[in-house]
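Please read the structure below before turning to the comments.
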Amino acid sequence: MSRAKSSGLSKSLILKGLQCQKALWLAKNPPDFDFPPQPDLEAKFQLGTNVGILAQQLFPGGIEVPYQGLSFPAQLARTKQLIDSGAEVIYEASFSFSAIFVKVDILLRDGDAWQIYEVKMGTGVKPVNLDDVAVQQYVLNGCGLTVSKSFLVHIDNSYARQGEIRVGKLFASEDISTKVTARQQSMPEIVSELRAEMRESDEPKIDIGPHCSDPYECDFIPYCWQHIPENSVFALRGSGINKFDYYYRGLIDFADLPLDKLNQKQRQQVESTLHQQDSTDSAKLKEFLDSLWYPICHLDFETFNTPIPKFAGTRPYQQVPFQFSIHVQQQPGSEAQHFEFLADPNIDPRRALIEQLLTSIPADTCVLVYSQAFEKTVLRNLAELFPDLRDSIQLRVDNVRDLMVPFRRRDVYRWQMRGSYSIKHVLPALVPELSYSGLEISDGMAAMRAYHAMCRLADPVALTELRRAMLEYCQLDTLAMVRILDALTTIGTDSEEDQ
């Protein structure tokens, strides 16, 4: 890589450097390190692109300067041509000043000046958004353009879709001109400092810190944090201590931590891990098991959310259920019967889903879930949407019990849980023969991505294979609950026999 090329900047690189100059240096000098894939980040970028394209309808009739298919010089030349020819609205206008390249989401002519509209898929203005637009204004001013106003266009999450998307209602625009101008004034010094760091031949000696995830999760966390042991102060669950304060004092490994400074659960996590000790509160476990009754329907939903509401009656980022799995146990330890639902692509699934769920779960059955707040919210939203089914749904809500409770309270704790009560930690500790490893879809975020992929697929063979993987994952979620409850029942029985 030539030095001239390495001195070039972009808006995203400047923002990365503002968060951490080491991250900027690493972006320009990639380390020899195998980074794990980031499918969630890729999906987020795609959503952001979709939001940006839709926001262009706020100012119809504009002309786009495409990123794909045009070199940087060609994008710059096309933008200048549009400005000189009198274009009123330009999408993705491209500019370069002082070797800093930026693209403006929406550029609107305002007499002899211009207005900047930066589009984000968040629901409000964040400080980093001001830095984002300040870089753009700095570059445009350097190119000889006057910026009269700057706006942050974001999602209005109070909007509920009815029929076609009403773009003017989905988006809200906030005038951030004064705040951007104030930040833009310090941009020359910031750019000079970042360039000086980039010219250094050695990797900056910047330690890890809160900046690693503020305002964004840094891409280089796997590289910069590789010296942190598995059982470190950062693995402690919960709050109560400043973990970086301990780290900077050299108190990193569990064995180094002062136990008297930890809260009760953190102390238990440390001691249990160091000594590989398990614990059971027999009385509280019995209390939990006695709160259940048979038949038990183990229930799990999969949901998706998007900034752009997909179906009528949904809001931005609303959790929309598209899949469920149910395992029904008639008696303790009995073989469970399985029921499942997976939506057809691009069809509002909610009516069909709740009707099938009500058929699969008798009104007097104990409904066991893992983290009841989520499942109850899904059910209550469905009850609000379908008034004719409200009473039937409410009966199921009233019967919901939470399998997470004994683990959150630590009635049953195994050292392998590492302080977590997530089912992904509980399952291998109690039922090691059952695992999510090897599944094509192994967590809720992957299931959400799979749903969106399913809605895009045209190949019937690929669609069938994807649906198989989605069903396999969701089925394992409720089968895991069955096996965990069986394990709790065994633990409870053994505890009674020991007394």
Original post:
Could you give every pair whose Cβ atoms fall below 6 Å, whose first residue belongs to region 211-226 and is closer than 13 Å to residue 38 by Cβ, and whose second residue is surrounded by 15 or more Cβ atoms within 10 Å (Cβ to Cβ) and of a type in the set (Gly, Ala, Ser), counting only separations of at least 6 or pairs across chains?
Top reply: 218/23; 220/23
Original post:
If we keep just the residues of region 401-432 that are among the charged types (D, E, K, R) and at pLDDT 95 or above, which is farthest from the chain's Cα centre (by Cα)?
Top reply: 411
**OP:** Inspect region 487-495 for any residue being more than 27 Å from the chain's Cα centre (by Cα) and charged (D, E, K, R) and give the result as yes or no.
**Re:** yes
Original post:
With respect to the numbered conditions (1) in a loop (DSSP other than H, G, I, E, B); (2) farther than 24 Å from residue 287 by Cβ; (3) acidic (Asp, Glu); (4) touching a helix residue (DSSP H, G or I) at 6+ places or on another chain (Cβ under 9 Å), which one is the sole condition not fulfilled by residue 355?
Top reply: (1)
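Please verify whether region 233-240 includes one or more residues that are in a loop (DSSP other than H, G, I, E, B), closer than 17 Å to residue 15 by Cβ and modelled with pLDDT of 95 or more.
Taking region 233-240 as the starting set, the residues that turn out to be in a loop (DSSP other than H, G, I, E, B) are 236-240.
Now drop any that are not closer than 17 Å to residue 15 by Cβ, which leaves none.
Looking for residues that are in a loop (DSSP other than H, G, I, E, B), closer than 17 Å to residue 15 by Cβ and modelled with pLDDT of 95 or more, one finds none in region 233-240, hence no.
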Original post:
All but one of (1) more than 25 Å from residue 157 (Cβ to Cβ); (2) without any contact (Cβ under 8 Å) to a residue 60 or more places away in the chain; (3) touching an Asp or Glu at 6+ places or on another chain (Cβ under 6 Å) hold for residue 105; which doesn't?
Top reply: (1)
Original post:
Of the conditions (1) part of a helix (DSSP H, G or I); (2) free of Cβ contacts under 8 Å to residues at least 60 places away in the same chain, residue 421 fails just one. Which one is it?
Top reply: (1)
Original post:
Of the residues 123, 178, 146, which single one is free of Cβ contacts under 8 Å to residues at least 24 places away in the same chain and either in contact with an Asp or Glu (Cβ under 9 Å, 6 or more places away or on another chain) or among the hydroxyl-bearing types (Ser, Thr, Tyr) (or both)?
Top reply: 178
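Any residue in region 390-399 that is touching a Ser or Thr at 6+ places or on another chain (Cβ under 7 Å) and either under 18 Å from residue 475 (Cα atoms) or not assigned by TED's automatic domain parsing to the domain that holds residue 296 (or both)? So that I can check it myself, show each step before the final result.
Here is the first cut: in region 390-399, the ones touching a Ser or Thr at 6+ places or on another chain (Cβ under 7 Å) are 399.
Checking which are either under 18 Å from residue 475 (Cα atoms) or not assigned by TED's automatic domain parsing to the domain that holds residue 296 (or both) leaves us with none.
The answer is no, given that none of the residues of region 390-399 is touching a Ser or Thr at 6+ places or on another chain (Cβ under 7 Å) and either under 18 Å from residue 475 (Cα atoms) or not assigned by TED's automatic domain parsing to the domain that holds residue 296 (or both).
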Original post:
Going by the structure shown, is residue 196 within 30 Å of residue 330 (Cα to Cα) and loosely packed, with under 13 Cβ neighbours inside 10 Å?
Top reply: no
Original post:
So how many residues does region 386-400 have that are crowded, with 16+ Cβ neighbours inside 10 Å and either in contact (Cβ under 8 Å) with a residue 40 or more places away in the chain or not in a helix (DSSP H, G or I) (or both)?
Top reply: 2
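Taking residue 376, is it in contact (Cβ under 8 Å) with a residue 60 or more places away in the chain, under 30 Å from residue 418 (Cβ atoms), outside any strand (DSSP E or B) and not aliphatic (A, V, I, L, M)? Full working, then the answer.
Details: in contact (Cβ under 8 Å) with a residue 60 or more places away in the chain: no; under 30 Å from residue 418 (Cβ atoms): yes; outside any strand (DSSP E or B): yes; not aliphatic (A, V, I, L, M): yes.
No: the conditions fail for residue 376.
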Original post:
So which residues in region 238-253 are more than 24 Å from residue 206 (Cα to Cα) and either of a type in the set (Ser, Thr, Tyr) or in contact with a strand residue (DSSP E or B) (Cβ under 9 Å, 6 or more places away or on another chain) (or both), if there are any at all?
Top reply: 239
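Here's the yes/no breakdown for (1) part of a helix (DSSP H, G or I); (2) in contact with a helix residue (DSSP H, G or I) (Cβ under 7 Å, 6 or more places away or on another chain); (3) within 18 Å of residue 15 (Cα to Cα):
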position	(1), (2), (3)
107	no, no, no
115	no, no, no
133	yes, yes, yes
137	yes, yes, yes
159	no, yes, no
178	yes, no, no
Subject >> Counted residues, region 193-223 - those being in contact with a Cys (Cβ under 7 Å, 6 or more places away or on another chain) and part of a helix (DSSP H, G or I) >> reply: 3
**OP:** Considering (1) assigned to a helix (DSSP H, G or I); (2) of a type in the set (A, V, I, L, M, F, W, C); (3) within 30 Å of residue 460 (Cβ to Cβ), say which one residue 427 fails and leave the rest.
**Re:** (3)
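Given the options 272, 291, name the one that is in contact with a helix residue (DSSP H, G or I) (Cβ under 6 Å, 6 or more places away or on another chain), polar (S, T, N, Q) and at pLDDT 95 or above.
Values: 291 fails: in contact with a helix residue (DSSP H, G or I) (Cβ under 6 Å, 6 or more places away or on another chain).
Result of the check over 272, 291: 272.
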**OP:** Identify the residue in region 294-308 that is assigned to a loop (DSSP other than H, G, I, E, B) and touching a helix residue (DSSP H, G or I) at 6+ places or on another chain (Cβ under 8 Å) and, among all such residues, is nearest to residue 492 (Cα to Cα).
**Re:** 305
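The values are calculated or read from the model by the stated rules, or taken from the named source; none is laboratory data. In this text the structure is predicted, and so the values were computed from the model without any measurement. Backbone-built Cβ (ideal geometry, glycine too); neighbour counts: all protein chains shown.
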